[in-house]
1. I'd like the residue in segment 164-202 that is surrounded by 21 or more Cβ atoms within 10 Å (Cβ to Cβ) and under 19 Å from residue 114 (Cα atoms) and, out of all such residues, is nearest to the chain's Cα centre (by Cα).
2. Would you please name the residue that is nearest to residue 99 (Cα to Cα), looking only at residues in segment 129-156 that are outside any helix (DSSP H, G or I) and modelled with pLDDT under 90?
3. Residues in segment 62-76 that are assigned to a helix (DSSP H, G or I) and either farther than 19 Å from residue 171 by Cβ or at pLDDT 90 or above (or both): how many?
4. Looking at (1) within 13 Å of the chain's Cα centre (by Cα); (2) surrounded by fewer than 21 Cβ atoms within 10 Å (Cβ to Cβ); (3) in contact (Cβ under 8 Å) with a residue 40 or more places away in the chain; (4) not in a strand (DSSP E or B), can you tell me which one residue 120 breaks?
5. For segment 193-229, give me each residue that is in contact with a strand residue (DSSP E or B) (Cβ under 6 Å, 6 or more places away or on another chain) and part of a loop (DSSP other than H, G, I, E, B).
6. Pairs please, first residue from segment 244-259 and at positive phi, second anywhere and at pLDDT 90 or above, Cβ atoms under 6 Å, 6+ apart in sequence or on different chains.
7. Criterion first (out of contact with any strand residue (DSSP E or B) (no Cβ under 7 Å at 6 or more places or on another chain), assigned to a helix (DSSP H, G or I) and free of Cβ contacts under 8 Å to residues at least 24 places away in the same chain) does residue 178 satisfy it?
């Protein structure tokens, strides 16, 4: 059982162990095949080398996080609004340090969310067992507030003050979280009004640096879209939208994330994101 954290009690805002367990408990089966109402794991028909894992080993976590160091969204979050243009200053020592810390923090939050409340599919080399990539799947939530609390618990397990706040990237990080939350909530409300069950969503997918552009990411996505009931939701930074479209996702809405106090007309202060679903 995961240890209870004082910060998690504070996040609930109700106090007491009973209130914590009511909000924080996992409501879906721990095994993906059970969530999909299959008899056993063999019915998942996963490709060679792919399996469900419940916790990614530390060495593989490092390889997984390194895969995101060149992502535009993290480059943008690591730049100081109105001071640095991340596209022109990405080689500076201070930028690289901030970038590494932000990538570590956000990917670790999402991994913890998936490990505690969802399902992690990991691709390894069928012969050597070397880590190649992973995708996280979160099952439907009927209530937005519960999903939001679970995201908060994952973040609070890393400390009450977030890494972006400690690094002085608060304005961009707050805007980033707010916009992603708002558009995810809008999509979830629309789906629940039609199905009453909500949708599956993919909070994270990554491929180890040495295995990029050999089809690992596509295989992970195609497996996810084959297994998960539709619709499936993903929020994608603009450069990655084409990849998701190739595996069956359609663009619902393109939206702009602007740093608090920033200027949306300045490229350095804004970044485009996309709400996408696979129907």
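The values are calculated or read from the model by the stated rules, or taken from the named source; none is laboratory data. Just so you know, these numbers come straight off a predicted model, no measurement behind them. All Cβ positions, even for glycine, are placed from backbone atoms using ideal geometry, and neighbour counts span all protein chains on display.
1. 202
2. Looking at residues that are outside any helix (DSSP H, G or I) and modelled with pLDDT under 90, I get 141.
3. So the answer is 5.
4. (4)
5. 199, 208, 228
6. Close Cβ pairs (under 6 Å, with a partner that is at pLDDT 90 or above) amount to 248/225; 248/278.
7. For residue 178, the condition - out of contact with any strand residue (DSSP E or B) (no Cβ under 7 Å at 6 or more places or on another chain), assigned to a helix (DSSP H, G or I) and free of Cβ contacts under 8 Å to residues at least 24 places away in the same chain - is met.
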